[in-house]
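Have a look at the structure below before the remarks.
Derivation of every value follows stated rules applied to the coordinates shown; laboratory data play no part. Since this is a predicted model, take the numbers as computed values, not measurements. Here Cβ is always computed from backbone atoms with ideal geometry, including for glycine, and neighbour counts include all displayed protein chains.
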Amino acid sequence: MSANQRHHLLPVALAASLGLMTLGVPAAQAHTHPTPIERAAPAVVFIEARAHVEVTLIEHDLFPDKHGIHVHVFSYTADPLLDTASGFFVNPTGNVVTTGALLRQNLDKGEVWAVNQAFAARYRQARLRVDPFVRKHIGPRTDRIEQRLQACYPPHLSLQDAGGCVVRRSATYVVHPDVTDQRVYGNLLAEADMQHSTTDVGLLRVRSNGVPSVIIAPPLPTDRPMDALGFVGIPGPVSSVPDPNNTNPHGLHDIAQHFIKGHVPLLQYTGLTADEAAGSAMLKQQLGKGIEGGPVVDGGKDANSGGQVIGIFPAPAPPGQPVPKLVGATAILDVLKSAGVPNQTSLTDTQFEEAMHHFKNKEYAASIPFLEATLKQFRGHALAAADLATAKAQVAKGLGSPAMTAAPVSTQTTSKGSSGKGLLIGGLVVVVLAALAALGLALRRRGRHDAGRVAPTPAGAATAASGRQATGPAAGDRAAPSHAHGSAPAAGAPRASSSPGGAHGAAPSRVRERPDLVRKAPSSASAPGPQPSTVQRTANNTPSAGHQLASGARSAAPAPAPTATRFCTSCGGRLAAGHRFCGRCGAPVGD
């Protein structure tokens, strides 16, 4: 390839590289990121506040039974549900934030329920026909069962000697994450941190590791939308049918809201559009049914940003107030700080977000390993399990596209896909530079290869080259004489010719000319003898076959005549011919 042709290749390579970069930019812009709701949804939980009640009913009869016994004991245990709310994990170790109202339950309510159930199970006349949380009467005041029932209600005052109850009670909390099977992966018992909880912010802790979590951040500009997330029932199977009206009692409810401009903590309630008015009405309807305490998520400037928790709605709007109170992220972070609870995401979140980048762009095969890794980190992850089933089904049908870009994993992404765009362009630039460097190196090597084959040695150069000596270790090896084993050429004997038409019967040389390794021949007028820059070998009358070159190789200097072996007068080391200094100790050598 000529130099002119190589120069023409460089513009072509550059144009091809720029074409690759141009093709990559639309792909980056078209990359679909997980939405703020999809990032935060796995961490949302449903919480039940229950009263664990143990009732021991003591019956004292006026007349003994057939066995002569006047006193009988009957036991009953119940876990009545007192209240529900939503919440969210704030770190992988299982700390949960919810509304503080959930932790302030009236256990008397649960005790009344348990006593009513115990009497209904023991006496036919006490069967429940009204609300089990309400005190009731089952007979006249003179009836011993009625007396016994009233004695069992708190505060457990015995009216007569009819008997009564011994009751033990405690508050319990059950956390239901969004998992595929609550019996296997859910129904997590939680401990309440009453010491650090406030009236608005409650803290719970479950014994579980690797749970998905969300990051809490202060409210952003008021022009940003937000979404209130939560459940009104125990999470069930993930439905593939969209539920914009939040009618699924076991699905995640998402209610869009907006701030009044200039008033971050206050929701907008005037001048609403039709969609905004529907969201405001839905929020009022859902609060008090379980969605309170769930995260209020920053909707972001667009669909590719946001996802941080900016607050919670601890309770429905009080009477006379148009909108509920929003407890901001600062108050939540203060409670976490006082309790020494960190706020951080987990490896589960990283794996799931990576999977979502592929899944949402129909890169189903690429999403499968990350979805499987998510389920390994947090078994039962409902959203990951649903997406994994869909991805495998699509791959089995041969649908989907290959992974084109490396998906960025971050809780904060820039708008309009700029994060994926930057990574793609940066990767393409690296690939282009590497390709250009490799092309330049290949062309340079090709040029050197061509330069070594440019012009053959002129026939007249053989005579001039006959007196040259090769320099450098490599040249010295190639300059070894080609003569018979153990015989040095006699004086005046003909030497091997360096021209292609040299000695008869000689094999053609396989050693290519390297002008950069052959020094200029010394002048014929210079005195014979060793030169400082010339590498000379000691005489060897029996050179090995490996050091012999076939006849027809380029000419080399004749072997020097044998000389007497000399030794250093300082260290006794052997001196090579022509050396002015001892190669062992460095002492100067006399003539």
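Pairs over the 27 Å Cα-Cα cut-off, from the set K376/K397; K301/K397; K325/K360; K284/K337: K301/K397; K325/K360; K284/K337.
With a Förster radius of 51 Å applied to the beta-carbon distance between E191 and A435, the computed FRET efficiency rounds to 0.30. Spin-label model, L266/Q344: points 7 Å from Cα along the beta carbon direction are separated by 4.0 nm. Each of V184 and V134 was given a label point 7 Å from its Cα along the Cα-to-Cβ line. The distance between the two points is 4.3 nm. If R0 is 35 Å, the Cβ-Cβ spacing of H72 and N106 corresponds to a FRET efficiency of close to 0.70. All C-alpha pair distances within the range 159-302, sorted into 5 Å bins from zero, spread as 2, 7, 13, 17, 17, 14, 11, 7, 4, 2, 2, 2, 1, 0, 0 percent across the bins.
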